[in-house]
Structures are given as structure tokens and as C-alpha cells.
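Data first, discussion second: the structure below is written as C-alpha cells.
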Amino acid sequence: MGNTEQPDPAANIHWHAGVIDAAARAKMCGQTGLTLWLTGISGSGKSTLAVELEQRLISSGRLAYRLDGDNLRHGVNAGLGFDAAGRGEAVRRAGEIAILLADAGVVAIVCMISPYADDRDRVRARHKAHGMKFAEVFVDCPLAVAAQRDPKGLYSRAQGGQLAGLTGVSDPYEAPTDPEVHLHTERSDCEACAREVLSIAIG
């Protein structure tokens with residue numbers, strides 16, 4: 001018998017449109033959803049800044065939700081590796097969740113190392129395709145400063161030969177070339193950085 005061509009599973013999947021769109025949800029929420037994508041090496045201050053941003057937004061009466069890269073690996077990204085493919089899939093999943101939140105009128109705050117520019121660009125393109133606002137926030141910090149902070153002990157483990165593939169040390173980090181917001185966390189404290197992000201990305 002000859003080879004039987006396998007059907008494409010996607011051929012049986014169809015988008016089911018509703019009667020409520022993003023504009024209707026934004027009107028109900030009193031705000032338009034968007035994604036703030038915080039990227040930078042470990043120890044740059046992404047998670048600390050994300051917590052501050054979420055608190056400030058909620059305190060000001062805006063809906064916001066924080067998607068922390070490490071937190072996501074306890075659930076939706078559980079089981080993914082830290083190789084390029086695993087990191088890319090983690091970024092893709094976080095991006096799709098952020099789109100859903102933004103579509104619902106929420107400010108999605110994603111904080112992930114997301115080291116590869118192509119992965120971040122795909123997330124941006126997906127937001128654009130869905131008509132969702134996306135702001136890349138480069139949480140820039142010199143490697144020496146991040147290694148001195150070392151909040152998770154990753155740099156000391158890498159230096160001791162106990163951890164391979166650490167971004168910025170033995171794996172590359174492709175810094176954004178044209179982010180909406182470029183922060184220098186070795187110069188500015190968390191509160192100042194949060195004010196800058198909110199003034200530029202949200203207004």
C-alpha cells in the first residue's frame with residue numbers, strides 16, 4: 001500500500017468570532033489593554049520593576065496583571081528547557097497570554113529574559129496582527145552589576161561550573177536595538193524606572 005497523506009489538523013480549526021470586541025471591553029473597563037514587555041539579563045531588575053508597575057497601575061485604578069518568566073515555568077511553561085528552542089517556546093506562550101489579557105482590556109506586564117531578538121519580534125508582530133499595543137522595555141544593566149546583585153545565585157553557580165547556558169555569560173543576550181523604553185537600572189532606582197515606563201508607554 002502507498003503512503004496515505006496525513007490530514008492537516010489545522011484544517012479542522014476555525015476562528016469563532018464573538019459579538020464583543022476589544023473596543024467594547026475597553027469601554028467597559030475604562031482603559032485600553034496593552035503589553036509591557038520587560039527584557040534584560042538575570043539580575044537586571046525586571047521582576048522588581050514588574051511588581052512596582054503592577055502595584056502602581058492597580059493603585060491608580062487600572063487593570064494590570066504580571067506575567068513573570070519564572071512564575072510561568074511553574075505552570076504554563078513547565079517542562080520547557082533553557083535551550084534556544086525552549087526559551088523561544090516560553091516566550092511564544094507568554095506572548096499569546098499577553099495578547100489575550102490585552103484584548104480583555106488589561107495591562108499585561110511580562111518580565112522575561114527573552115534573550116533572542118527574533119522571539120521578541122514575533123511577539124510584537126502577533127500583537128500588531130491582533131491590533132494590540134506592545135511596548136518593549138529594555139531593562140539594561142551591566143553584566144558586572146547584575147552579577148554582583150545575583151539575587152538567584154545564578155552567576156556564582158555559573159562561575160563555579162555548576163550552571164551552563166547562563167544568558168550573558170555562556171549564552172548570548174541580544175539587546176533590543178529600538179525599544180520603546182530603555183532603562184539603565186544601575187543609575188536609576190525602581191520607582192524612577194516605573195515612572196519612566198508609565199509616562200512613556202501609557203502616558
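The values are calculated or read from the model by the stated rules, or taken from the named source; none is laboratory data. The structure presented is a predicted model; accordingly, all values stated were derived computationally and were not measured. All Cβ positions, even for glycine, are placed from backbone atoms using ideal geometry, and neighbour counts span all protein chains on display.
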Quiz prompt | Condition broken by residue 44, with the remaining ones in (1) of a type outside the set (Val, Ile, Thr); (2) within 23 Å of residue 138 (Cα to Cα); (3) modelled with pLDDT of 95 or more satisfied | solution = (3)
Exercise. Any residue in the stretch 66-94 that's of a type in the set (Asp, Glu): show its pairings with residues that are assigned to a loop (DSSP other than H, G, I, E, B) at Cβ separation under 8 Å, as long as the two are six or more apart or on different chains.
Key: 68/112; 83/165; 89/77; 89/80
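Any residue at all in the stretch 170-180 that is touching a Ser or Thr at 6+ places or on another chain (Cβ under 9 Å) and under 30 Å from residue 60 (Cβ atoms)? Don't jump to the end; show me each part of the working.
Residues of the stretch 170-180 touching a Ser or Thr at 6+ places or on another chain (Cβ under 9 Å): 173, 175-176, 179.
Checking the rest, the ones that are also under 30 Å from residue 60 (Cβ atoms) come to 176, 179.
Within the stretch 170-180 (the criterion being touching a Ser or Thr at 6+ places or on another chain (Cβ under 9 Å) and under 30 Å from residue 60 (Cβ atoms)), the answer is yes, since at least one residue qualifies.
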Quiz item: Would a scan of the stretch 165-178 turn up a residue that is in contact with a Phe, Trp or Tyr (Cβ under 6 Å, 6 or more places away or on another chain) and modelled with pLDDT under 85?
Solution: yes
Quiz item: Quick check: is even one residue across the stretch 101-117 over 13 Å from residue 39 (Cβ atoms), free of Cβ contacts under 8 Å to residues at least 24 places away in the same chain, out of contact with any Leu (no Cβ under 9 Å at 6 or more places or on another chain) and not in a strand (DSSP E or B)?
Solution: no
Quiz item: Got a number for residues in the stretch 118-142 being assigned to a loop (DSSP other than H, G, I, E, B) and in contact with a Gly (Cβ under 9 Å, 6 or more places away or on another chain)?
Solution: 2
Practice problem: Would you please name the residue that is farthest from the chain's Cα centre (by Cα), looking only at residues in the stretch 107-137 that are surrounded by fewer than 22 Cβ atoms within 10 Å (Cβ to Cβ) and hydrophobic (A, V, I, L, M, F, W, C)? | Solution: 129
Quiz prompt | Residue list for the stretch 14-73, filter: surrounded by fewer than 20 Cβ atoms within 10 Å (Cβ to Cβ), in a loop (DSSP other than H, G, I, E, B) and touching a strand residue (DSSP E or B) at 6+ places or on another chain (Cβ under 8 Å) | solution = 31, 32, 62, 63
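Any idea which of 94, 90 is at pLDDT 95 or above, out of contact with any strand residue (DSSP E or B) (no Cβ under 9 Å at 6 or more places or on another chain), surrounded by 18 or more Cβ atoms within 10 Å (Cβ to Cβ) and not in a loop (DSSP other than H, G, I, E, B)? Before the answer, list the steps.
Numbers: 94 fails: out of contact with any strand residue (DSSP E or B) (no Cβ under 9 Å at 6 or more places or on another chain).
Within the list 94, 90, the selection yields 90.
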